[in-house]
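I have a structure I would like to understand better, so I am pasting it below and will then ask my questions one at a time.
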Amino acid sequence: MSISISQYSDAELFYQMKDDKNIAERAFGELYSRHSPRVFAYCRRILGDRERAQDAFQDTFVKFYQSAQQDRIMTNVPAFLLRIARNLCLNAQRTRHQTVQFEDYHASMSDEPAEKTELLKLITTALELLPDDYREAFVLREYDGLSYQEIAEITNSSMATVKIRLFRAKQKIRDVLAPYLADLAK
């Protein structure tokens, strides 16, 4: 009886990407379907612009596929993908010097109350005001649910640095939202 490709672990699939073309394509397709939403969301939140995020996202999976052809020990595919995406997003940010306006992903939903839409816009603005390293730590923790240790590994930072960045990011977001929340309380 044959095992379904979906039953393999990420690491097993990564190693199968070196196999013959048919097996490699199926393994890559499975890993892509497992991890592409998270990688795209990360690129979108970091870069803000859908087109630039799409470019970084596609490049991430091209580099990921190429890396499977090398002799590499793989223990954590999601972290490896996010590290590739991170490097590509940082490069994209360096090449574009102007501030990118973040789109409000939820504002297009017509059934959202006006207050919630306004709050989402304020949160987006607060994220926009964060320095890149704070924004990245915040996105990885709050949107992607990574641990401090995982964030430290992806960003090549110490655990203390990650905690400081997250603390400062949350403080800055609170400062931006404080007047709005005070008005809401009235």
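For the chain, please report how many Lys pairs fall under 28 Å Cα to Cα, leaving out neighbours fewer than 8 apart on the same chain.
Taking the Cα cut-off of 28 Å, the pair count is 12.
Note down the magnitude of the dipole of the chain about its Cα centre, charges +1 on Lys and Arg C-beta and -1 on Asp and Glu C-beta and zero elsewhere, to the nearest 20 debye.
Working: 26 positive and 27 negative charges, 105 e Å.
With only Lys, Arg, Asp and Glu charged at Cβ, the dipole is about 500 debye.
Based on alpha-carbon centroids, what's the gap between region 51-89 and region 114-186 in Å, whole number please?
24
A further question follows. Test of understanding: ordering 57, 28 by Cβ neighbours within 10 Å, fewest first, what list do you get? Please report the intermediate quantities before stating the final value.
Values: 57 22, 28 18.
Ranking 57, 28 by Cβ neighbours within 10 Å, fewest first, gives 28, 57.
When the helix-only estimate is applied to the chain (DSSP H runs of n ≥ 4, each -39,500 (n - 2.57), divided by the residue count), what is the mean residue ellipticity at 222 nm, nearest 500 deg cm²/dmol?
Numbers: 8 runs with 130 residues, N = 186.
-23000 deg cm²/dmol, from helical runs alone.
Quick check on the chain: what does the Kirkwood estimate of hydrodynamic radius come out to from the alpha carbon pairs, in Å? Intermediate values should be presented prior to the final figure.
Working: mean 1/r = 0.0550 Å⁻¹.
Hydrodynamic radius (Kirkwood, Cα pairs) of the chain is 18.2 Å.
Using Cα pairs under 8 angstrom and six or more residues apart, how large is the relative contact order of the chain, in percent? Display every interim value, and only then the final one.
On the way: 162 pairs, mean separation 35.0, N = 186.
RCO, the chain: 19 percent.
Next up: Using only alpha carbon pairs under 8 Å that are at least six residues apart, calculate the relative contact order of region 111-186 and give it in whole percent. Display every interim value, and only then the final one.
Details: 42 pairs, mean separation 26.2, N = 76.
This gives 34 percent for region 111-186.
While we're here: Karplus couplings for region 143-158 from phi (6.51 cos²θ - 1.76 cosθ + 1.60, θ = phi - 60°), rounded to Hz, Gly and Pro as x?
8, 9, x, 7, 6, 4, 4, 5, 5, 4, 5, 5, 8, 6, 10, 7
Right, something else. Region 1-37: which trypsin sites (Lys or Arg not before Pro) are DSSP loop and have at most 15 other beta-carbon atoms within 10 angstrom?
Numbers: sites: 18, 21, 26, 34; in loops: 18.
Counting only loop positions with at most 15 other Cβ atoms within 10 Å, the trypsin sites (Lys or Arg not before Pro) in region 1-37 are 18.
How high is the FRET efficiency from residue 73 to residue 183, r the C-beta distance, R0 41 Å, rounded to 0.05? Don't jump to the answer; show the numbers that get you there.
Working: r = 54 Å, r/R0 = 1.31.
Taking R0 as 41 Å, the efficiency between residue 73 and residue 183 is 0.15.
Here, each number is a calculation from the coordinates, and none is a lab measurement. No experiment lies behind these values; they were computed from the predicted model shown. With ideal geometry, Cβ positions are generated from the backbone for all residues, glycine too; neighbour counts draw on all protein chains shown.
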